[in-house]
Amino acid sequence: MAVLVTAEVPGQTEQGYDGMLVALEGALRQAPGFVLHSAHPFEGGWRILEIWDSKAQANEFFAKSVAPNLPSGVRPKRSILDLHSLVTR
């Protein structure tokens, strides 16, 4: 079953998030197992929510595409939860 990946990024700004999205959106859309990406601000940073087909696919994309592009000092706090259900269009 699919997984929900939540990443909280303390200190991230809207401008910083938008820059990362521009840099990674194409690769994200083509990544095996990718289903959905969304984000919103929270007090003191940004929260990213993604749905992936598997934890392994989510971790591989993070390691290969996200981590190498993070600005110095920016370290997301990630959590991954197995989903019981997922309804799509």
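The values are calculated or read from the model by the stated rules, or taken from the named source; none is laboratory data. Owing to the predicted nature of the structure, the values given are computational and were not obtained by experimental measurement. For neighbour counting, all protein chains shown are included, and Cβ atoms are generated from backbone atoms with ideal geometry for every residue, glycine included.
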Next on the checklist: Of the residues ALA31, ALA2, ALA27, only one is within 20 Å of LEU81 (Cβ to Cβ) and out of contact with any strand residue (DSSP E or B) (no Cβ under 8 Å at 6 or more places or on another chain); which?
Outcome noted: ALA31
Next on the checklist: Just to be sure before I move on: is ALA2 closer than 18 Å to THR88 by Cα and of a type in the set (Gly, Ala, Ser) in the structure I sent?
Outcome noted: yes
Checklist outcome for this item: Just one listed residue, out of VAL22, VAL35, VAL66, VAL74, is part of a helix (DSSP H, G or I), surrounded by 12 or more Cβ atoms within 10 Å (Cβ to Cβ) and out of contact with any Lys or Arg (no Cβ under 8 Å at 6 or more places or on another chain), and it is VAL66
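Looking at segment 38-60, which of its residues are among the acidic types (Asp, Glu) and either loosely packed, with under 15 Cβ neighbours inside 10 Å or under 16 Å from LEU4 (Cβ atoms) (or both)? Talk me through it step by step, then tell me what you get.
Initially, segment 38-60 is screened for residues among the acidic types (Asp, Glu), giving 43, 50, 53, 60.
If the condition is that a residue be among the acidic types (Asp, Glu) and either loosely packed, with under 15 Cβ neighbours inside 10 Å or under 16 Å from LEU4 (Cβ atoms) (or both), then GLU43, GLU50, ASP53 are the ones that fit.
VAL5: surrounded by 17 or more Cβ atoms within 10 Å (Cβ to Cβ) and not hydroxyl-bearing (Ser, Thr, Tyr), yes or no? Give the steps one after another, and end with the answer.
Numbers: surrounded by 17 or more Cβ atoms within 10 Å (Cβ to Cβ): yes; not hydroxyl-bearing (Ser, Thr, Tyr): yes.
When the stated conditions are applied, VAL5 passes them.
Return yes when LYS64 is of a type in the set (Lys, Arg) and in contact (Cβ under 8 Å) with a residue 12 or more places away in the chain and no when it is not.
Numbers: of a type in the set (Lys, Arg): yes; in contact (Cβ under 8 Å) with a residue 12 or more places away in the chain: no.
Criteria not met by LYS64.
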Checklist entry - Do we have PRO41 as out of contact with any His (no Cβ under 8 Å at 6 or more places or on another chain) and either assigned to a loop (DSSP other than H, G, I, E, B) or modelled with pLDDT under 95 (or both) here? => result no
